[in-house]
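Here the structure comes first, spelled out in structure tokens, and everything after it is commentary.
The values are calculated or read from the model by the stated rules, or taken from the named source; none is laboratory data. Just so it is clear, the model here is predicted, and its values are computed rather than measured. FYI the Cβ positions are ideal-geometry reconstructions off the backbone, even for glycines, and counts take in every protein chain you see. SASA here: full protein model, heavy atoms, side chains in, ligands and nucleic acids out. Shrake-Rupley method; radii C 1.70, N 1.55, O 1.52, S 1.80 Å.
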Amino acid sequence: MFGGRGIAVAAASLALLGSTLAWAPATQANAPIVCSGRELTSYSPGLTLLPRPTWVRARAEYECADGHGKRFEASGRIEAMSPGSSCVQLDSPRGKEDVEYGDGRKSEIVYTRSFVVRAAGIHLVVLKGHVKEGPGEGREAVRTIQLLPEQLPTACLSPEGLQRAAGKVELRIM
């Protein structure tokens, strides 16, 4: 009914369709991921008025969407070292974040650059880096956090210092 030419056209069409479907996941894998949510942050030692090396540890709960509109939940754990932080300023924190997506997949993000500003009692922190492994591997990651202290400002005057903050967080993997 088709003949040799018809069979060749049908086979070529199936091969083209198969190759198109094979590329679809790669396209989805490169879609940007945008996550936003809340973060709880702790400082060790607590922040005082004098700058000192400080470990910054945080836990984030995200609501995410990829470039195709698919929505999913994720959580992140971040650990960073700030070489000279105080209640007045967080100084260039660098660290890593482990992100676990709702489907069980995980990404490790390494942050190597930062920008920190304090205004009206809010610390605005922007961390930049890349996804070291997992979904988004090799792509740029930008994390923006707006933190408010969970203790009174007078905690900065105590020997223990300000130990906790909370706020909004956004993570972009591009």
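Ranking Phe72, Phe115 by solvent-accessible area of protein heavy atoms (1.4 Å probe, all protein chains present), from largest to smallest, gives Phe115, Phe72. Note on exposure: His130, His123, His68 ranked by accessible area (1.4 Å probe, complete protein assembly) read His68, His130, His123, with the most exposed listed first. Each Lys or Arg adds one and each Asp or Glu takes one away; over the other residues whose Cβ falls under 15 Å from the Cβ of Gly134, this sums to -3.
Rolling a 1.4 Å probe over the protein heavy atoms leaves Lys96 with an accessible area of roughly 80 Å².
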